[in-house]
Amino acid sequence: MTEARPRITEVSARAVTIPTDAPESDGTFAWTATTIVLAKVQGGGSEGLGYSYAAGAAQAVVNDSLAAILKGREVFDVGGIWEAMRWQVRNLGSRGVCACAISAVDAALWDLKAKILGLPLCELLGRRRETVPVYGSGGFISYDDKRLREQLSGWADEGCRWVKMKVGRDPDRDLERVKAARQAIGETGLFVDANGAWQPKEALYWAERYASFGVAWLEEPTSSDDLEGLRLVREQGPAGMDVAAGEYGFESFYFRRMLEEGAVDVLQADATRCLGLTGFLQAANLAAAWNRPVSSHCAPAVHLHAACAAPNLRHMEWFHDHVRIEQMIFDGAPELKHGAIAPDLSRPGLGLELKTQDLQRYAA
Ligand SMILES: [Mg+2]
């Protein structure tokens, strides 16, 4: 490299809130809009883009706390900047909103580095696969049965090998919904997500019933803070039904504890929360060391390149709300083909460009 090494000249974040296309709810939460915090890092004549689905407060963490320590640093020093960002938020509480802010900036840094090098990010990270299977994810409790059937069977028709629906709010109604879903999707794999709604013994009770509908994946059957509870469900639940959790992991110690406790069959990790693509790959490597597969949680556009590089990756989540937002605001958002998505290798970095005009109307 003959030129001076590129340095970061500008860092900023903005939050936009986008209404859902219908009310959405799960076992423990309900929402009608989703906020995405977009981070931008400039340097070397290029611009990196990252994001997190988080509160608007993450925007303030980037602009007020992280930006100052990034400016002037070498763009390619992604690992060193990642360490510095973690120390920078130490006194604010490094998990939660701060971890989301770091996640967005880390993705933007990787995107920028790959763009400057003229590489699709998966090649910079070390690609293991060219396409990644996804499971269709939605099936909100707020949907009526018609929409539930249409959404889940729609993904099955597009080649998804698995689809996921929410449960955990009204047990008797859930059983009817699971039955309706199974009828709609035929032999396609059926996943359920209780978002921590049950006590462990309740979870076992429902797991047995769902087993008769061929449910193959039980996500957060009990609070993901209750690692003993997850382990009980995992060890005593029906054979062939994987217990999955990890979406609220904000750093690698959390994932280590989850694996050490034997709490999960499949570790989920969310790069928009767990300290970015750097943290996501750490989680995947930890899972590999415990011989557990990893699955990315939500936000498919930012996970895709890292998912191509991650060891032991089983699949990615194709989450209705985020797929819709990402196709709305990014040129280059991944497109579902035969139940899988693939990076566009002709585009450098994450391959995403903000559609700024379309975004303007959602500005806070
Ligand atoms: Mg979940």
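No lab work stands behind these numbers, since they all come straight from the coordinates. All figures in this text were calculated on a predicted structure; none of them were measured in a lab. Every residue, glycine among them, receives a Cβ derived from its backbone with ideal geometry; neighbour counts consider all protein chains shown.
Collect the residues in the stretch 181-220 that are away from the ligand (no atom under 16 Å from the Cβ) and among the hydroxyl-bearing types (Ser, Thr, Tyr), keeping them in residue-number order.
Answer for the stretch 181-220, where residues must be away from the ligand (no atom under 16 Å from the Cβ) and among the hydroxyl-bearing types (Ser, Thr, Tyr): THR188, TYR205, SER212.
Would you list the helices (runs of 4 or more DSSP H) that sit entirely within the stretch 32-136 and hold 1 or more residues that are of a type in the set (Val, Ile, Thr)?
Numbers: elements: 57-61, 67-70, 78-88, 97-117, 121-125.
The qualifying helices (runs of 4 or more DSSP H) are 57-61, 67-70, 78-88, 97-117.
Please go through (1) within 16 Å of the ligand (Cβ to nearest atom); (2) assigned to a loop (DSSP other than H, G, I, E, B); (3) in contact with a Phe, Trp or Tyr (Cβ under 9 Å, 6 or more places away or on another chain) for PRO238 and return the number of the only condition it doesn't satisfy.
The failed condition is (1).
For the stretch 248-299, enumerate the residues that are closer than 25 Å to LEU66 by Cα and part of a helix (DSSP H, G or I).
If the condition is that a residue be closer than 25 Å to LEU66 by Cα and part of a helix (DSSP H, G or I), then SER252, PHE253, TYR254, PHE255, GLY276, LEU277, THR278, GLY279, PHE280, LEU281, GLN282, ALA283 are the ones that fit.
Evaluate the following for ARG173: is it over 21 Å from ARG257 (Cα atoms) and out of contact with any Gly (no Cβ under 6 Å at 6 or more places or on another chain)?
It is true that ARG173 is over 21 Å from ARG257 (Cα atoms) and out of contact with any Gly (no Cβ under 6 Å at 6 or more places or on another chain).
Hey, can you tell me all the residues within the stretch 236-289 that are acidic (Asp, Glu) and buried (at least 24 other Cβ atoms within 10 Å of the Cβ)?
First, the residues of the stretch 236-289 that are acidic (Asp, Glu): 242, 247, 251, 260-261, 265, 270.
Of everything in the stretch 236-289, just one residue is acidic (Asp, Glu) and buried (at least 24 other Cβ atoms within 10 Å of the Cβ), namely ASP270.
Only residues that are β-branched (Val, Ile, Thr) and either touching a residue at least 60 places away in the same chain (Cβ under 8 Å) or within 16 Å of the ligand (Cβ to nearest atom) (or both): list them for the stretch 26-59, please. Please lay out each step first, then the result.
Within the stretch 26-59, the first condition is being β-branched (Val, Ile, Thr), and the residues that meet it are 28, 32, 34-37, 41.
Matches in the stretch 26-59: THR28, THR34, ILE36, VAL37, VAL41.
Being touching a Pro at 6+ places or on another chain (Cβ under 9 Å) and in contact (Cβ under 8 Å) with a residue 40 or more places away in the chain: is that true of GLY189 here? Talk me through it step by step, then tell me what you get.
On the way: touching a Pro at 6+ places or on another chain (Cβ under 9 Å): no; in contact (Cβ under 8 Å) with a residue 40 or more places away in the chain: yes.
Taking the combined requirement at face value, the residue does not satisfy it.
Determine whether SER223 is out of contact with any strand residue (DSSP E or B) (no Cβ under 8 Å at 6 or more places or on another chain) and either more than 16 Å from the ligand (Cβ to nearest atom) or among the charged types (D, E, K, R) (or both). Talk me through it step by step, then tell me what you get.
Working: out of contact with any strand residue (DSSP E or B) (no Cβ under 8 Å at 6 or more places or on another chain): yes; either more than 16 Å from the ligand (Cβ to nearest atom) or among the charged types (D, E, K, R) (or both): no.
No, not satisfied.
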